[in-house]
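Derivation of every value follows stated rules applied to the coordinates shown; laboratory data play no part. Worth saying up front: this structure is predicted, and the values here are computed from it rather than measured. A quick note on method: Cβ atoms are made from the backbone with ideal geometry, for glycine too, and the neighbour counts reach across all protein chains shown.
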Amino acid sequence: MKSRIPLLVLALSPLAGAADKVTFDEHILPVFQQSCLNCHNPDKAKGGLDLSTYAGTLKGGSGGKIVEPGDAGSSLVGVIEHTREPKMPPQGDKLAAAQAKLLRDWIAGGLLENPTSSARKPSKPKLDTALKSDPGAKPDGPPPMPAHVLLEPVVATARGTSVHALASSPWAPLLAVTGQRQVLLYDTAALELAGILPFPEGEPVSLAFAPGGRQLIVGGGVAGKSGTTVVFDVTNGSRLLTAGKEFDSVLAADIRPGFDLVATGGPSRLLKLWSVETGEPVKSIKKHTDWITALDISPDGVLLASGDRNGGVWVWESDSGNEFHTLRAHQAGITGIAFRADSNILATASADGTVRYWEMNNGGEVRKNDAHPGGVTAFAFGRDGTSLTAGRDMKAKLWKPDFNPARDLAQNLPALPTAVALDFVGKRAFVADVEGAIRVFDTADGKPLGELPSNPPTVAARLERLDAQLAELAKAQPPDPAKIEPLKAARKRWGAADILTKTLGAETALSAANLEAESRFDGFSTAAKALGAAAERLNAKRSERRKLAALPQDKSSPETRAEIAATLSAIDSVIARLRDDHRRLEAEVLKSRSGVESSAPGLAQSAAAAAKLRRDYLEAAK
């Protein structure tokens with residue numbers, strides 16, 4: 001695009017203000033001729049974009065379409081208004097307001113080619129700031145909750161460490177909490193530990209539930225060395241997939257609802273999109289100027305938002321990785337990014353103390369809240385549009401769906417809050433801090449309801465404490481059933497958890513033994529094949545010797561007889577070597593077969609023991 005030339009005649013045209021009559025031929029092409037065709041013509045289609053024709057404009061360039069009917073947030077509007085990169089014209093001022101209005105009216109009117117053409121229908125739904133999704137429209141079936149999941153901590157310490165992230169299931173009373181090389185799952189109704197997901201890859205830093213609530217993606221690793229993401233099934237604790245191998249810890253991650261794409265960000269400053277099928281990166285976006293600290297994929301899977309330590313925020317098309325919006329406003333690092341449940345509103349929280357809400361149609365800011373002096377440290381959306389924040393003023397605040405303040409949930413927190421979450425019905429709020437405490441509040445009145453530990457004790461320690469409490473209560477005369485029965489119920493639950501720990505351990509050991517047995521059998525098969533090949537080589541040499549030895553010696557010359565004798569001697573040497581190889585391989589086959597046969601009874605016994613433990617656990621868990 002070249003420098004702008006004012007089009008006063010166009011601006012004053014009677015048709016210019018009539019959105020339903022703005023056409024390409026009469027109004028838009030003259031704008032392009034004056035300001036754009038120097039770079040975007042059939043001979044010099046910069047960026048693959050030719051604006052000299054109606055068809056070329058609708059086709060777009062190498063980065064995709066630049067206009068969508070009815071979509072005022074089309075990339076063409078962003079670049080000419082200098083709200084997104086690349087700014088056009090690249091040198092000089094942006095287009096006049098009247099020209100920008102012509103483009104907006106043309107798009108809003110359905111991209112008319114001429115006065116007699118028909119308006120095009122929008123190819124994607126129009127977005128607005130009203131929450132349209134039905135909070136009660138949950139997926140079919142029971143809510144996804146852990147069942148028969150490990151309850152024994154991977155790491156048990158006297159004191160907790162900073163909680164990096166909290167995530168609440170969208171459809172179940174379940175809260176995920178980052179711990180030390182593990183993720184804790186808490187029942188938000190009972191405020192009890194419901195499961196533990198081991199994360200041996202390092203420290204988990206990022207958590208995100210899939211929209212259905214059954215899958216949880218965990219990002220983390222070892223700072224400065226390695227990073228990855230793991231997707232868990234929270235109902236049984238199984239690892240569904242691993243993606244996003246990095247050379248530093250993953251600080252932010254999410255998975256698209258179709259489970260085909262994982263997005264990661266971290267110290268590399270690169271926003272990476274990974275194929276779930278191949279595990280390979282499909283897009284690496286170099287736009288952020290500092291560590292990527294937060295990202296979120298919209299619940300409908302269409303958009304991806306990312307923010308960095310420098311305050312930069314971008315919204316991308318998740319399919320192509322193309323830039324959708326550049327959101328410029330924050331003056332300090334981004335500490336939280338979240339799409340609302342309907343995907344229409346994006347919230348960004350920052351260390352500059354503000355939370356900003358953006359609508360995704362035009363990328364416009366619809367609300368700015370000066371939430372926490374000194375900086376916002378955590379943000380979370382509830383399913384109904386309610387939001388929760390915490391900050392360096394040591395407060396946690398609840399906000400209404402219309403973005404107005406609801407109430408302070410906590411003041412004068414004893415430690416810096418690091419993560420927040422709302423349960424799936426919006427009745428309970430969770431605030432975690434740098435010391436590992438997770439405080440629970442009633443959202444209706446702000447009253448504290450208790451705490452959840454980020455470093456739960458071992459199952460054995462729980463049983464020991466319960467046994468001591470029951471023994472103490474048994475001394476009372478008469479015994480108090482109101483106190484004893486709940487402890488007995490807890491004792492039964494954690495007794496079952498102890499059996500489950502042993503069951504899972506036995507099943508893991510059995511799996512390892514099976515793998516070893518398979519390896520032994522593979523070794524036996526390889527040795528047997530080598531033995532067969534050696535036997536064939538030995539027999540071939542023996543056959544060759546027999547044929548040579550059968551040649552008539554009396555009619556041959558002395559020279560021929562000497563040559564035959566030398567050849568027979570050489571063959572004898574080869575046969576001797578092949579015979580030794582054959583004997584050695586026979587010994588290896590016998591040894592391999594013995595190993596396979598000897599492992600069979602042990603495997604059978606281990607399988608029987610694991611099966612009995614599983615039956616015992618299921619009986620104890622009734």
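Here are a few things to note about the model shown:
- Fewest neighbouring Cβ atoms within 10 Å first, the residues ARG615, ARG520 line up as ARG615, ARG520.
- Taking a point 7 Å out from the Cα of ALA468 in the direction of its Cβ, the residues of segment 137-164 whose backbone N falls within less than 16 Å of it are 158.
- Going by neighbour counts of Cβ atoms within 10 Å, the residues SER606, SER569, SER206 line up, fewest first, as SER569, SER606, SER206.
- Take every Cα pair under 8 Å whose residues are at least 6 apart in sequence, average their separation, divide by the length of the chain, and the relative contact order is 8 percent.
- The order of TRP494, TRP274, going from fewest to most other C-beta atoms within 10 Å of their C-beta, is TRP494, TRP274.
- Reach of LYS547 by Cα under 29 Å, taken over lysines that are not fewer than 8 positions away in the same chain: LYS529, LYS555
- Straight-line cross-link partners of LYS541 among the aspartates and glutamates, defined as a Cα under 18 Å from its Cα and at least 8 positions apart when in the same chain: GLU563, ASP572, ASP580, ASP581.
- Given R0 = 25 Å, the distance between the Cβ atoms of GLU192 and ASP384 translates into a calculated FRET efficiency of 0.50.
- Cβ-based net charge around GLY301, under 11 Å, with every Lys or Arg adding one and every Asp or Glu removing one: -4
- Cross-link pairs beyond the 23 Å C-alpha cut-off, checked among LYS46/LYS121; LYS46/LYS87; LYS225/LYS395; LYS368/LYS400: LYS46/LYS121; LYS225/LYS395
- Shape category assigned to segment 483-620 from the gyration tensor of Cα positions, a/c cut at 1.5: prolate
- Gyration tensor verdict on segment 161-264 (Cα atoms; rounded if a/c is under 1.5, prolate if a/b is larger than b/c, oblate otherwise): oblate
- Rounded to the nearest 0.05, the FRET efficiency derived from the C-beta distance between LYS121 and LYS87 at R0 = 35 Å is 0.70.
- Taking only the Cα atoms of the chain, the radius of gyration and Dmax are 34.9, 122 Å.
- Prolate/oblate/rounded call for segment 308-356, Cα gyration tensor, a/c under 1.5 rounded: oblate
- In this simple spin-label approximation, ALA460 and LEU487 carry label points 7 Å from Cα along the Cα→Cβ vector, and these lie 2.2 nm apart.
- Under 30 Å from LYS622, Cα to Cα: lysines that are on another chain or at least 8 residues apart: LYS138, LYS427, LYS475, LYS483, LYS488, LYS492, LYS502, LYS612
- Pairs of Cα atoms nearer than 8 Å and 6+ residues apart set the relative contact order; for segment 408-463 it is 25 percent.
- On full extension, the segment bounded by ARG615 and ASP408 gains 69.6 nm, given 0.36 nm per residue less the C-alpha separation.
- Residue-averaged 222 nm ellipticity for the chain, from DSSP H runs of 4+ at -39500 (n - 2.57), nearest 500: -10500 deg cm²/dmol
- Net +/- balance of residues flanking GLU485 in space, Cβ distance below 11 Å, scoring K and R +1, D and E -1: +3
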